[in-house]
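Following: one structure in structure tokens, then a few remarks.
The values are calculated or read from the model by the stated rules, or taken from the named source; none is laboratory data. Here the structure is a predicted model, which is why all the values come from computation and not from measurement. Ideal geometry is used to build each Cβ from the backbone, glycine not excepted, and the neighbour counts take in all protein chains shown.
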Amino acid sequence: MAFIKELCNDKYEIVTKFKHIQIREATIVSEGTASKGYTELSRSFHRRTLTSDMDVSGESTEIQALAGALWTDEVKQAWLDHEAEEPNGDGN
């Protein structure tokens, strides 16, 4: 029997008027064999959020395509303007 650890982005959400991309990453641990199949033993999640001022060149092609479609010049500028207005700069 073998253990397999799989990492995958299993959910994308577009949140806020600034078109932030929220990504849910799943870590799945399974046990079994290729011939008999695998049984999932555990699954855990981690979330992260990308904003239009971030570099997405290291992200998957799916994420790059989402960013390219959603992050228009107007959205990018609105986010930068919003960040500049925030007294603590945390964007909330």
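When restricted to residues that are closer than 30 Å to E83 by Cα and loosely packed, with under 12 Cβ neighbours inside 10 Å, the range 15-39 contains 2. Of all the residues in the range 43-69, those that are within 12 Å of H20 (Cβ to Cβ) and either touching an Asp or Glu at 6+ places or on another chain (Cβ under 8 Å) or not aliphatic (A, V, I, L, M) (or both) number 8. The residues of the range 30-61 that are in contact with a helix residue (DSSP H, G or I) (Cβ under 8 Å, 6 or more places away or on another chain), hydrophobic (A, V, I, L, M, F, W, C) and outside any strand (DSSP E or B) amount to a single one, V56.
As a summary of the residue check, N88 satisfies the conditions (1) modelled with pLDDT of 95 or more; (2) exposed (fewer than 13 other Cβ atoms within 10 Å of the Cβ); (3) polar (S, T, N, Q) except for the one numbered (1). Scanning the range 40-58 for residues that are polar (S, T, N, Q) and in contact (Cβ under 8 Å) with a residue 24 or more places away in the chain yields T49, T51, S52. Consider S42 carefully, then state whether it is exposed (fewer than 12 other Cβ atoms within 10 Å of the Cβ), of a type in the set (S, T, N, Q) and touching a strand residue (DSSP E or B) at 6+ places or on another chain (Cβ under 7 Å). The answer is yes for S42. Entry remark, the range 5-25: residues being among the polar types (S, T, N, Q) and not in a strand (DSSP E or B) number 1 in total.
Tell me which residues, restricted to the range 56-76, are of a type outside the set (F, W, Y) and more than 22 Å from A26 (Cα to Cα). Passing the criteria: G68, A69, L70, T72, D73, E74, V75, K76. When T33, T61 are checked against the criterion of being without any contact (Cβ under 8 Å) to a residue 24 or more places away in the chain and among the β-branched types (V, I, T), a single residue qualifies: T61.
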